[in-house]
Ligand SMILES: O=C(O)[C@H](O)[C@@H](O)[C@@H](O)C(=O)NO
Ligand SMILES: [Mg+2]
């Protein structure tokens with residue numbers, strides 16, 4: 001049970017996802033990027049793994065913080081190990097981020113599951129083994145036949161419903177798109193999807209993250225007429241009072257915070273301030289499965305749903321182990337990309353979805369990621 005080693009392998013993987021100047025993904029030509037697999041080993045040879053960007057688990061962080069907290073400890077003591085890493089963040093000169101905590105915590109949960117030959121959601125205490133997914137569409141673009149017009153969004157909405165999705169979330173146009181942001185165009189895209197998919201498909205929006213209060217109010221009022229289920233991150237989430245103001249002035253539920261720092265502590269303040277109607281968490285956003293579960297339970301205590309940000313196995317296990325969220329966020333999706341093709345370093349999808357829109361939690365041990373270690377070893381960067 002004692003942790004004896006922590007290491008990182010960086011490897012090359014091919015993707016068609018490109019990031020824009022705000023970090024949002026768009027489709028493009030296949031290109032190679034570097035990915036990292038963090039591995040935590042115990043004295044009896046068991047291993048746990050998690051995937052993240054190489055800089056999140058760069059040698060400085062592993063040697064100066066992670067190994068010093070983990071080596072020699074019992075791998076089952078996830079709460080203590082997480083608290084020790086979280087308490088070191090303040091004095092880390094902003095080097096030790098929630099993303100690194102998330103990578104370590106996920107690898108520890110994976111290790112526990114692989115050691116006991118159990119899926120993580122069963123270790124936590126499962127609530128369900130399948131969950132409805134919403135299709136989370138990429139931000140808009142200026143690609144001909146992509147997501148350049150409201151009709152493009154409408155056509156893609158039809159495609160997603162044919163695939164089985166019972167919910168769809170639009171990320172609308174944002175800079176660097178030349179004419180974005182534009183509230184009226186956002187509403188036109190949402191109206192085109194509503195027109196295309198009919199009244200029974202659940203729709204949500206995740207808009208330009210820096211609208212003013214009055215722009216966000218106009219957008220929310222427009223979505224209320226279209227029967228949307230929620231409005232997400234239309235303003236800078238650092239302004240708690242702006243979200244309190246928006247939630248007070250809109251009927252459509254306000255979801256958040258996604259990207260605001262502060263883990264479950266800050267999310268408690270959003271609830272207390274009435275800044276959201278549905279809470280939001282995400283394994284990468286709050287520093288791991290451990291704090292994501294704390295956030296889910298916090299929301300439950302206030303009779304609130306907490307929607308989980310992001311795809312991948314780590315978020316799916318949080319959703320499967322809790323009652324108070326409706327969806328798994330499956331994406332990001334685009335007409336030019338085939339999401340079900342997965343990744344070249346995984347032998348199968350971590351979030352397979354059936355024709356009725358349900359994602360089934362793999363019953364493989366740990367996080368259930370079907371890792372192709374031969375691919376990783378044959379494509380090592382360092
Ligand atoms: O804002 C982003 O970086 C991406 O759109 C991503 O976070 C997306 O997955 C999202 O906001 N989902 O809710
Ligand atoms: Mg979002």
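Derivation of every value follows stated rules applied to the coordinates shown; laboratory data play no part. It should be emphasised that the depicted structure is a prediction, and the values quoted were computed from it without experimental measurement. Reconstructed Cβ throughout: ideal geometry from the backbone, glycine too, with neighbour counts over all protein chains shown.
Structure summary
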| read-out | value |
| --- | --- |
| Cross-chain or 6+ apart pairs with Cβ under 9 Å, region 194-223 first and at positive phi, then in a helix (DSSP H, G or I) and surrounded by fewer than 21 Cβ atoms within 10 Å (Cβ to Cβ) | 198/161 |
| Residue within region 172-194 that is away from ligand 2 (no atom under 16 Å from the Cβ), farther than 19 Å from residue 231 by Cβ and in contact with a helix residue (DSSP H, G or I) (Cβ under 7 Å, 6 or more places away or on another chain) present | no |
| Cβ-Cβ under 8 Å pairs, at least 6 apart or on other chains, region 164-193 side touching a residue at least 40 places away in the same chain (Cβ under 8 Å) and over 23 Å from residue 339 (Cβ atoms), far side more than 16 Å from ligand 2 (Cβ to nearest atom) and part of a loop (DSSP other than H, G, I, E, B) | 175/21; 176/21; 191/226 |
| Count of residues meeting criterion [over 13 Å from the mean Cα position of the chain (by Cα), part of a loop (DSSP other than H, G, I, E, B) and within 16 Å of ligand 2 (Cβ to nearest atom)] in region 258-273 | 2 |
| Top-ranked residue of region 213-241 - restricted to ones that are under 25 Å from the mean Cα position of the chain (by Cα) and over 19 Å from residue 280 (Cα atoms), ranked as surrounded by the fewest Cβ atoms within 10 Å (Cβ to Cβ) | 227 |
| Residue 138, sole failed condition from (1) surrounded by 18 or more Cβ atoms within 10 Å (Cβ to Cβ); (2) within 16 Å of ligand 2 (Cβ to nearest atom); (3) more than 28 Å from residue 317 (Cα to Cα) | (3) |
| Residue within region 258-265 that is free of Cβ contacts under 8 Å to residues at least 24 places away in the same chain and buried (at least 18 other Cβ atoms within 10 Å of the Cβ) present | yes |
| Qualifying residue in region 152-167 (condition: closer than 30 Å to residue 41 by Cβ and in contact with a helix residue (DSSP H, G or I) (Cβ under 8 Å, 6 or more places away or on another chain)) | no |
| Helices (runs of 4 or more DSSP H) within region 274-353 that include 1 or more residues surrounded by fewer than 20 Cβ atoms within 10 Å (Cβ to Cβ) and away from ligand 1 (no atom under 16 Å from the Cβ) | 289-301 |
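Each row is one residue, and each column tells you yes or no for (1) within 16 Å of ligand 2 (Cβ to nearest atom); (2) closer than 22 Å to residue 382 by Cβ; (3) not in a strand (DSSP E or B).
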position: 7; (1), (2), (3): no, yes, no
position: 21; (1), (2), (3): no, no, yes
position: 27; (1), (2), (3): no, no, no
position: 33; (1), (2), (3): no, yes, no
position: 41; (1), (2), (3): no, yes, no
position: 61; (1), (2), (3): no, yes, yes
position: 79; (1), (2), (3): no, no, yes
position: 93; (1), (2), (3): no, no, yes
